[in-house]
1. Surrounded by fewer than 19 Cβ atoms within 10 Å (Cβ to Cβ) and modelled with pLDDT of 85 or more: does that describe Gly27?
2. Look through Leu97, Leu89 and report the one residue that is over 19 Å from Asp37 (Cβ atoms), aliphatic (A, V, I, L, M) and open to solvent by less than 50 Å² (accessible area, probe 1.4 Å).
3. Collect the residues in the stretch 40-62 that are more than 19 Å from Gly101 (Cβ to Cβ) and surrounded by 21 or more Cβ atoms within 10 Å (Cβ to Cβ), keeping them in residue-number order.
4. For the stretch 56-150, please list each of the strands (runs of 3 or more DSSP E) lying entirely inside it that holds at least 3 residues being of a type outside the set (A, V, I, L, M).
5. Scan the stretch 100-118 for residues that are polar (S, T, N, Q), farther than 18 Å from Ala158 by Cα and surrounded by 14 or more Cβ atoms within 10 Å (Cβ to Cβ) and jot them down.
6. Look through the stretch 64-86, keep the residues that are surrounded by 21 or more Cβ atoms within 10 Å (Cβ to Cβ) and among the hydroxyl-bearing types (Ser, Thr, Tyr), and return whichever of them is modelled with the lowest pLDDT.
7. Criterion first (outside any strand (DSSP E or B) and either open to solvent by 50 Å² or more (accessible area, probe 1.4 Å) or closer than 15 Å to Leu154 by Cβ (or both)) does Gly20 satisfy it?
8. Is it the case that the stretch 112-133 has a residue that's hydrophobic (A, V, I, L, M, F, W, C) and under 24 Å from Val46 (Cα atoms)?
Amino acid sequence: GRNFGRSTPGPAIYTAAHGGQIPGSLGCPSVTDSAKDSVGLRLTFVVPPGATRLAFDWRFLISDFPEWSCTNFADSFLAIVTTGTSPGLPLDRSVALDRQGGPVSSGSPDFVICNGCTSGNGELAGTGYDPTDSAATHWQTAFVPVIPGETLVLDLIALDIGDGAWDNIVF
C-alpha cells in the first residue's frame, strides 16, 4: 500500500502499438502511458536448437478489486518480448493475455479468485492480500514463439496505472 511517487512511461514498443497508451482489458478504457511504482524483471535467453516456443506460468494478484476494476486505475501485468524476430510475435510484443485475448489488467475476466467470485476467496489466504478487497487469477501459461539461436529478452512488468496506491504482484 505504499506509494513511492515514481512515474515512468510504459514500454515503448508496447505503447507505440496502442497509440501511445497502455490499454485496459477489452471493454475497459485505455489510460495514459504513465505507470506508477512499476517493477520489472528482465530475462535473457539464448533459444536452444530445435525450440519453437518458450512457455512460462504466471499468476496476478491485485489489492484494489472490485472497486477500481475497469477504470483509469487499471493495474496491469505485461510480458513484453523486446527482442526476437519470430513472425508469430504480436505487433505489441505482449505475450501474456487474458482469456479474451486482451491485456491483463484489473478489468480482466480472469480475476476469478475473490470475495463473491466463482472460485471464492480461499486462495487469497496467506498471501497478504485482503480476502474481502482483493483478487487473483488462477495460474496461467503464456507461450512465446521463438527462433532457435536467437537471443530473446523478456520483460515481466507489474504496473500501477493512474496512481501509486493499491499494490499488485505477479508470480
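1. On the way: surrounded by fewer than 19 Cβ atoms within 10 Å (Cβ to Cβ): yes; modelled with pLDDT of 85 or more: no.
The answer is no for Gly27.
2. On the way: Leu97 fails: open to solvent by less than 50 Å² (accessible area, probe 1.4 Å).
After ruling out the rest, the residue left standing is Leu89.
3. Selection gives Leu61, Ile62.
4. Numbers: elements: 60-62, 76-81, 140-145.
Here the list reads 140-145.
5. We begin by selecting, within the stretch 100-118, every residue polar (S, T, N, Q); these are 100, 105-106, 108, 115, 118.
From what is left, the residues that are farther than 18 Å from Ala158 by Cα are 100, 115, 118.
Asn115, the sole residue that qualifies.
6. Result: Ser69.
7. On the way: outside any strand (DSSP E or B): yes; either open to solvent by 50 Å² or more (accessible area, probe 1.4 Å) or closer than 15 Å to Leu154 by Cβ (or both): no.
Answer is no for this residue.
8. Start the filter on the stretch 112-133 by keeping residues that are hydrophobic (A, V, I, L, M, F, W, C), which leaves 112-114, 117, 124-125.
Among the residues that remain, those that are also under 24 Å from Val46 (Cα atoms) are: none.
No; the residues of the stretch 112-133 include none that is hydrophobic (A, V, I, L, M, F, W, C) and under 24 Å from Val46 (Cα atoms).
The values are calculated or read from the model by the stated rules, or taken from the named source; none is laboratory data. In this text, all values refer to a predicted model and were calculated from it rather than measured experimentally. Cβ: placed from backbone, ideal geometry, glycine included. Neighbour counts: every protein chain shown. Accessible surface is based on the protein model in full, side chains and every heavy atom, while ligands, DNA and RNA are left aside. Shrake-Rupley method; radii C 1.70, N 1.55, O 1.52, S 1.80 Å.
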